[in-house]
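The values are calculated or read from the model by the stated rules, or taken from the named source; none is laboratory data. As the structure is a prediction and not an experimental result, all values here were calculated from the model. Cβ sites come from the backbone with ideal geometry, for glycine too, and all protein chains shown count toward neighbours. Areas reflect the complete protein model, heavy atoms only, side chains present, ligands, DNA and RNA absent. Shrake-Rupley method; radii C 1.70, N 1.55, O 1.52, S 1.80 Å.
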Amino acid sequence: MEQDIIPVFSEGDEKKLSQINVPKSLPVLALRNAVLFPGIIFPINISRQKSVKLVQDAYASDKNLAVVMQRDSKVEDPRLDELYAVGVAARILRIIEIPDGSTTVLLQGTRRIALQDVVSQEPYFVVNVEALEDSLPPATEEFNLLIGSVRDVALRIIQISSQAAQEVCFAIKNIGSRMFLVNYLATNIDIESTDKQTLLEMANIEDRSKALLELLLKAEDTLSVKREIQKKVHKDIDKHQREYVLTQQMKAIQDELGGNSVNKTAAELREKSKSKKWNQNIADTFEKELKKLEMMHPYSPEFPPQANYLQSLVDLPWNEYSEDAIDLNKAQKVLDEDHFGLEEVKERILEHLAVMKLKSDFKAPILCLYGPPGVGKTSLGKSVARAMGREFARISLGGLHDESEIRGHRKTYIGAMPGRIIQTLRKSKTSNPVLILDEIDKVGTDFRGDPSSALLEVLDPEQNTTFYDNFLELEYDLSHIMFITTANNMATIHPALRDRMEVINVSGYTMEEKVQIAQRHLIPRLLANHGVQPEQLQLSDEILQHIIEEYTHESGVRGLEKQLSKVMRKTAKNITIGQDYEPAITLTALRTLLGVQKISKEKALENALTGVVTGLAWTQNGGEILFVEASMNKGKGTLTTTGNLGDVMKESAVLALEYVKSQAEYLKIAPTLFEKNNLHIHVPEGAIPKDGPSAGVAMVTAIASIFTNRKVRQGVAMTGEISLRGKTLAIGGVKEKILAAKRAGITTIILPEDNRRNIEEIKPEYLTGLTFVYAKTLHDVLQNALEE
């Protein structure tokens, strides 16, 4: 057996390897994560029964076999196509039976081989193989330098990582054969098995050496980084030990001087706790947590979070309430001073105050003020707090995604804090403030949780008596808080959350209301803010109407306030530089101050053309008028819709056309018109997405107008959903649509019969100058909308 071993450390052995004859076919031993190279002696542990039998059979015959790595190490019984195509022919030098039942075989690689066709598959693979030649370049200076670099880098790696560095370095230094050195290092250095397989498949030894050098340099860099990390860790441990000793000495000195920061902090907290009105459960929790704090070291990482938790407990207003100054006449006066209009909201608040005066333990309602931006929803909360004599607090929920913002974070986390509700109570120092939850319709949901679901507990009078905050890990009574939420769009609010709130619609203002708001509230406040005296600037109702119509486009007064601020600033500039100006603003002066007209006044189009109808729409900014245009041209009866319409509006267009077709005889339309003409329906302002069913009535009227060649009556607008049977169905946003119609100079509004009840709920001043036609069917609509 000794004659079978080829020395691996002498010169000239490359030729001996190339002269070894490889049998035509060999049994294939699959290795999981190992690659054998020619000339290298390497022990292999084998556990698969098929592999054990293969080794035993080969050892009993000519001791030759093929060693190939499998592509996936997890495959227990790999097929031939799951092995790499290039491997090594090897000889078995020795088989060692281990006491634990496993087998180790000592192999020496001889020649690189390529697997070809299968000879047999049972009990193991026997495959025809082709011996591959290794190309060894001449010993040029460049090649010798390359081999020297490989050897140097390998020695550095071994010195860093190996415990037996001296012996291994001695062996590497004494390898004379360049090819053996490369193969030996490729086999034994800790690199990925796939990289080793790549090296084995390289026939040119110089290429193999360059690739090996690159892998060795990467391995050296990795080991160097690991070594630096280990050094740093040891240094940090030594630093901590030193700090611990110094800290213990400082503690001893503090004790000698009679001052201890832990005892001082604990004493302050205990003193504050004496005035708290908490129940026994909270008192027991506080005492238990305080004892934990007293046992901690002031410089330990756990001390600040524990002290912060206890500080939060003593800062909260447990069972502390501000006394309500309930005077309904005074409350009415305060609400009227701060806000013009909003009668329904004021009435509901006064009702609540009246009940509270009769029954002190009455649970506060959850009000939701719903309406377009700028109508005073948020500022109303301040007025309510002033009218009730309570503290005012506000939480903005717009863009909130994290449930922990409501419920708080677990106090074990770094930087943990209570939720926003508890933090707000801590700042207001009372447990019954008026709390505005602003923009509740803009709460988001993502992987961090659903804040809307957390708000279900906060806004439920049956549950919020025992609100659980994750940071406090205690229950807190929120039932005395008067919650007022605000929203622009009810559709985006969680249905269960919407069910818990009393929704009050705060609709847009009429022209007259905006003028009064400007005269009573906006102008006095802006004059004071800009340092302008009332006699230095005078704005008449007529000028205010021009500003509202020509420079703003909104349901609220936020844009109006911006334009008035612009007037104030320019007036302040004139006063400052001493320029002459007229205090009473005229229309000409207004154009100078605000520039050219920004907004074209909404108005219905003249009925110069057939097929054009004025519709009414609801948006988040209030009511709008929109125009539905219909045209026909020669074609095959196709329907085209444009104007950035949603699916519901497109369906309404199809429904409208089918209805008009079904009523062709009633409308005196020749059936051939539908077959020989294409119909195009367009809703202008195509950049704005539009959807909803309320344009159905307008679409029917536009189609009937274009096919009958009858114009729509002047000053008529309409809204309503339609059914295939020709019925008109109720729609929402009636008040906002009426305000839009008034702004546009509409005199007649056609509504579904079912919306009659909505008109009866609206104040008469909103309806002045308008005539309402209530239609049960589309026949009623067409009869009142189209000219004879």
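Just a few scattered comments:
- Sub-9 Å Cβ pairs linking a first residue in the range 390-401 that is among the polar types (S, T, N, Q) to a second residue that is part of a loop (DSSP other than H, G, I, E, B), at least 6 apart or interchain, are S396/E439, ordered by first then second residue.
- Number of the condition not met by V118 [criteria: (1) open to solvent by less than 30 Å² (accessible area, probe 1.4 Å); (2) under 58 Å from the mean Cα position of the chain (by Cα); (3) touching a residue at least 24 places away in the same chain (Cβ under 8 Å)]: (1)
- Within the range 337-358, the set of residues being in contact with a Lys or Arg (Cβ under 9 Å, 6 or more places away or on another chain), at pLDDT 80 or above and surrounded by fewer than 16 Cβ atoms within 10 Å (Cβ to Cβ) comprises E337 only.
- Matching residues, the range 664-696, being under 21 Å from Q783 (Cα atoms) and either out of contact with any helix residue (DSSP H, G or I) (no Cβ under 8 Å at 6 or more places or on another chain) or not small (G, A, S) (or both): E665, Y666, L667, K668, I669, P671, S694
- Among residues of the range 184-205 that are within 19 Å of R111 (Cβ to Cβ), none has a Cβ under 6 angstrom from a residue that is open to solvent by 70 Å² or more (accessible area, probe 1.4 Å) and at pLDDT 85 or above at a sequence gap of 6+ or on a separate chain.
- Boolean, S379 is open to solvent by less than 30 Å² (accessible area, probe 1.4 Å) and in a helix (DSSP H, G or I): no
- Within the range 400-429, the residues that satisfy the criterion of being touching a strand residue (DSSP E or B) at 6+ places or on another chain (Cβ under 8 Å), in a helix (DSSP H, G or I) and more than 22 Å from A387 (Cβ to Cβ) are S404, R407, R420, I421, I422.
- Within this structure, H297 fails the test of being in contact (Cβ under 8 Å) with a residue 24 or more places away in the chain, out of contact with any Lys or Arg (no Cβ under 7 Å at 6 or more places or on another chain) and either surrounded by 15 or more Cβ atoms within 10 Å (Cβ to Cβ) or aliphatic (A, V, I, L, M) (or both).
- Here is the figure for the range 263-278: residues that are under 23 Å from E320 (Cβ atoms), surrounded by 12 or more Cβ atoms within 10 Å (Cβ to Cβ) and either touching a residue at least 60 places away in the same chain (Cβ under 8 Å) or not hydrophobic (A, V, I, L, M, F, W, C) (or both) total 5.
- Within the range 430-540, strands (runs of 3 or more DSSP E) holding 1 or more residues that are in contact with a strand residue (DSSP E or B) (Cβ under 9 Å, 6 or more places away or on another chain) and within 25 Å of G376 (Cα to Cα): 434-438, 482-487, 502-505
- A Cβ distance below 7 Å, combined with a sequence gap of six or more or placement on separate chains, defines the contacts here; from the range 736-751, residues that are without any contact (Cβ under 8 Å) to a residue 60 or more places away in the chain reach residues that are assigned to a strand (DSSP E or B) and crowded, with 21+ Cβ neighbours inside 10 Å in the pairs T748/V716; I750/V716; I750/M718; I750/A775.
- Scanning the range 595-623 for residues that are among the aliphatic types (A, V, I, L, M) and modelled with pLDDT under 85 returns V596, I599, A604, L605, A608, L609.
- Criterion (open to solvent by less than 10 Å² (accessible area, probe 1.4 Å), modelled with pLDDT of 85 or more and in contact with a helix residue (DSSP H, G or I) (Cβ under 8 Å, 6 or more places away or on another chain)) met by exactly one of G39, G87: G87
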